[in-house]
Amino acid sequence: MSRPALSLLVAAAATLAAPTAHAVFAIPVPASPLDQGGWTLAAHMSNTGGMFDGQGELSFSQAYGTAVASPTASTPDFSIAISAPISRILFITGDRSVWAMADYKALVTQIQARAGYFGANIDFTLGLNGVVSQVQGNVLSRGGVSEDPWITYAPEHFAGINSNAILWGEADYFAAHSNLKNSAGGLNVYVQTVPEPSSLALLLAGVLTVGAWARKRHAA
């Protein structure tokens, strides 16, 4: 191959390998857990005023306010009563820019402990502007303090206040704590419940158990 031809070949290869200003790469954005289905809207905080008006401590033992199936940012605060066992809890802003998901039993354990601990004590799966990560947050729960529990995805309570990362508080507490929900379309709380076995499933399980017992007895 002649030297001019070789030079042309090298130049062509370099052109193909070099990035261009028009190159576009599709980067998948993690979906909200809500897109997977199976969630129940359990509570809502509006985008004005203080934190949640009621004082249910996320136990969902009693309803508060008037529940709305598809609340808007300005819908007044509400929560519903839930009798089924809950497995996971999801806090998500109205504009879905921020969400944090946790094990419900772990959350309730920290609330009921009344330890008054300000540091990291709960694990969250956090979605922040399309980026998903695993973080440790804080559940601040003290006896006799009406606005508790405070819940943040930041690793410490005051860091949560300073970085606008407070997900939950009660008794209509109004201060910098409410900046996140007031600037992001309010905040909704969803839960996943553990399905109770149906009567047919229980009957089938009973028949299988009796059948296994009968076969074992016959074999003996």
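Per-residue answers, yes or no, for (1) assigned to a loop (DSSP other than H, G, I, E, B); (2) crowded, with 20+ Cβ neighbours inside 10 Å:
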{"residue": "68", "(1), (2)": "yes, no"}
{"residue": "81", "(1), (2)": "yes, no"}
{"residue": "89", "(1), (2)": "no, yes"}
{"residue": "106", "(1), (2)": "no, no"}
* To do: Quickly run through region 82-125 and pick out the residues that are basic (Lys, Arg) and within 21 Å of residue 40 (Cα to Cα).
  => 88, 96, 105
* To do: Please go through region 157-171 and pick out each residue that is farther than 17 Å from residue 183 by Cα and surrounded by 18 or more Cβ atoms within 10 Å (Cβ to Cβ).
  => 157, 170
* Would you confirm whether any residue within region 41-48 is surrounded by fewer than 21 Cβ atoms within 10 Å (Cβ to Cβ), part of a loop (DSSP other than H, G, I, E, B) and out of contact with any helix residue (DSSP H, G or I) (no Cβ under 7 Å at 6 or more places or on another chain)? => no
* To do: Consider residue 56 carefully, then state whether it is in contact (Cβ under 8 Å) with a residue 40 or more places away in the chain and more than 18 Å from the chain's Cα centre (by Cα).
  => yes
* To do: Give me a count of the residues in region 172-198 that are surrounded by fewer than 12 Cβ atoms within 10 Å (Cβ to Cβ) and not small (Gly, Ala, Ser).
  => 4
* Confirm whether residue 73 is within 15 Å of residue 187 (Cα to Cα) and either of a type outside the set (Ser, Thr, Tyr) or modelled with pLDDT of 95 or more (or both). => yes
* Asked: Can you tell me which of 140, 107, 126 is at pLDDT 95 or above and under 21 Å from residue 185 (Cα atoms)?
  -> 126
* Asked: What number goes with the only condition from (1) touching a strand residue (DSSP E or B) at 6+ places or on another chain (Cβ under 9 Å); (2) closer than 17 Å to residue 167 by Cα that residue 113 does not pass?
  -> (2)
* Are any residues in region 102-111 without any contact (Cβ under 8 Å) to a residue 40 or more places away in the chain and more than 14 Å from residue 90 (Cα to Cα), and if so, which ones? -> 109, 110
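The values are calculated or read from the model by the stated rules, or taken from the named source; none is laboratory data. A quick note: this is a predicted structure, and the numbers were derived from the prediction, not measured. When we count neighbours, we look across all protein chains shown, and the Cβ atoms used for this are built from the backbone with ideal geometry, even at glycine.
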